[in-house]
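Visitor: Structure provided below as structure tokens; questions to follow.
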């Protein structure tokens, strides 16, 4: 229960701080928070959240597999095969997020100005 309340308070703090940023002057917000900034933020968040989620899922998968092998060593081959297939499917979700973030960055109509910002 304590963990849930900490997560809720952190989410509330993040959401309440965004109101001050979006309430800025129109001239300031147009120059500072352009569409390219939103696209870059979305791409970064997409891959960051995907990597966090898949990292947790892979850790839980390996934990479950090693626990299962420790309890039943005769089934190690079947457990290992199932774990590897699961890890491949979990990792593919992170790769999909990477592809989507690349699509956001480079297939966007304003990609010329984004590429000039990158270098």
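Visitor: What distance in nm separates the two pseudo spin-label positions at residue 100 and residue 10, each 7 Å out from Cα along the beta-carbon direction?
Guide: Roughly 2.1 nm, to one decimal.
Visitor: Please report 89, 104, 98 as a ranked list, fewest other C-beta atoms within 10 angstrom at the top and most at the bottom.
Guide: By the 10 Å Cβ count, ascending: 89, 98, 104.
Visitor: Quick one: order 56, 87 by neighbouring beta-carbon count within 10 Å, fewest to most.
Guide: 56, 87
Visitor: Shape of region 54-100 from its Cα gyration tensor (a ≥ b ≥ c, root eigenvalues): rounded if a/c is under 1.5, otherwise prolate when a/b > b/c, or oblate?
Guide: It comes out oblate by the Cα gyration axes.
Visitor: Quick one: if the Förster radius is 22 Å, what FRET efficiency do residue 3 and residue 49 give, using the C-beta to C-beta distance and rounding to 0.05?
Guide: So, using R0 = 22 Å, E works out to roughly 0.75.
Visitor: Measuring from label point to label point, each 7 Å out along Cα→Cβ, what is the residue 37 to residue 81 span in nm?
Guide: 5.4
Visitor: Arrange the following residues from fewest to most other Cβ atoms within 10 Å of their Cβ: 61, 92.
Guide: So the residues, fewest neighbours to most, are 92, 61.
Laboratory data are not the source of any read-out in this text; all were calculated from the coordinates shown. Because the structure is predicted, anything quoted here is derived from the model rather than measured. Note that we place each Cβ from the backbone using ideal geometry, even for glycine, and neighbour counts take in every protein chain shown.
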